[in-house]
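Okay, so here's the structure we're looking at.
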Amino acid sequence: MSKSKQIAYGDKMLAEKDGAVGWMIFNNPDRHNALSINMWQAIPEILDDFESDEDIRVIVLKGAGEKAFISGADISEFKESRASADAVTRYDELVQDASNRLSNTAQPTIAMIRGYCMGGGLAVAISCDMRIATQSSRFAIPAAKLGVGYGHENTKVLVDLVGPSFAKEIFYTGRRFSSEEAKDMKLVNRVLKSEDLDDYVGGYIDAMVNNAPLSLTTTNLTDTELIKPESERDLTVCQRLVEDCANSQDLAEGRRAFMEKRKPEFVGR
């Protein structure tokens, strides 16, 4: 599929394939890309599509328009999705399933953040491997302002990323943090001028897709195992990934290219 061709998942999510890059686009700009239930459901479906495509080496998430990555959950659905304890449980399971799929995707993931990144949007962003934001980006989890309880799994992801003190500050205050504050907390990797974001992310993408896919997968999935509690880690998976690299065509190609002083041509096998 060329970059000009997009696949719609419902009416507010788009998947786009551009060579080795899979783009997941939150396409609800009239509501600052607020996440509806259908949008949450589409996240694993799009990831399944990307993971089944051998050409896709990097996945980038972005919001439609200039004002928001994702402004949070669609509060207009709260009357239904939070009408009872059972409804809350179903909604939280939906959110957690989408977050887990993002966290465990074999390909590296980048959240490309312009504007608002709030609530559920921040849950999506911290489930990605990297977050690259603009100077005008703003971050918040306003759960306490809405009377919402935040699930322990996504809370742990945030605590692991920024530490317990900053995580509590984010939750306790519910306030909006600037991109520089977010960088200081290690909530984001990089902060750029808005006009530089596309080129900067493009440079990251080029560097990643030109490296050996099996090496990227090994790093990605090994890191996923290492952040689990020690009793839950499957280190045999990590060792198998290393062995796959050792036995790959790409390792031989990397050696040849180094000796011949040329750019390697990796195939992911």
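Going residue by residue through segment 3-15, is there one that turns out to be at pLDDT below 95, open to solvent by less than 70 Å² (accessible area, probe 1.4 Å) and either under 24 Å from residue 217 (Cα atoms) or basic (Lys, Arg) (or both)?
Yes: segment 3-15 contains one or more residues that are at pLDDT below 95, open to solvent by less than 70 Å² (accessible area, probe 1.4 Å) and either under 24 Å from residue 217 (Cα atoms) or basic (Lys, Arg) (or both).
Within segment 105-121, can you find the residues that are out of contact with any Asp or Glu (no Cβ under 8 Å at 6 or more places or on another chain) and at pLDDT below 90? If you could, list the steps in order and put the result at the bottom.
Within segment 105-121, the first condition is being out of contact with any Asp or Glu (no Cβ under 8 Å at 6 or more places or on another chain), and the residues that meet it are 111-113, 116-121.
None - no residue of segment 105-121 is out of contact with any Asp or Glu (no Cβ under 8 Å at 6 or more places or on another chain) and at pLDDT below 90, so the list stays empty.
Which residue out of 38, 33 is in contact with a Gly (Cβ under 6 Å, 6 or more places away or on another chain) and surrounded by fewer than 17 Cβ atoms within 10 Å (Cβ to Cβ)?
Working: 33 fails: surrounded by fewer than 17 Cβ atoms within 10 Å (Cβ to Cβ).
None of the other options fit; the residue is 38.
List pairs: first residue in segment 197-219 and more than 21 Å from residue 136 (Cα to Cα) and open to solvent by 60 Å² or more (accessible area, probe 1.4 Å), second residue in a helix (DSSP H, G or I) and among the hydrophobic types (A, V, I, L, M, F, W, C) anywhere in the structure, Cβ distance under 9 angstrom, at least six positions apart or on different chains.
219/241
Pick from segment 189-220 the residues that are under 18 Å from the mean Cα position of the chain (by Cα) and among the hydroxyl-bearing types (Ser, Thr, Tyr): which of them is nearest to residue 56 (Cα to Cα)?
Among residues in segment 189-220 that are under 18 Å from the mean Cα position of the chain (by Cα) and among the hydroxyl-bearing types (Ser, Thr, Tyr), the one nearest to residue 56 (Cα to Cα) is 217.
Which ones in segment 239-265 are within 11 Å of residue 214 (Cα to Cα) and in a loop (DSSP other than H, G, I, E, B)?
Just the residues of segment 239-265 that are within 11 Å of residue 214 (Cα to Cα), to begin with: 241-251.
Those that are within 11 Å of residue 214 (Cα to Cα) and in a loop (DSSP other than H, G, I, E, B): 247, 248.
Is there any pair with a first residue in segment 245-262 that is surrounded by 12 or more Cβ atoms within 10 Å (Cβ to Cβ) and a second that is among the charged types (D, E, K, R) and outside any helix (DSSP H, G or I) whose Cβ atoms are under 6 Å apart and which are 6 or more apart or on different chains, and what are they?
Within 6 Å, the pairs are 249/269.
The values are calculated or read from the model by the stated rules, or taken from the named source; none is laboratory data. Since the model is a prediction, treat every value here as computed from it, not as a measurement. Neighbour counts are summed over all protein chains in view; Cβ atoms, including those assigned to glycine, are modelled from backbone coordinates with ideal geometry. Protein only, heavy atoms only, side chains kept; ligands, DNA and RNA dropped before computing areas. Shrake-Rupley method; radii C 1.70, N 1.55, O 1.52, S 1.80 Å.
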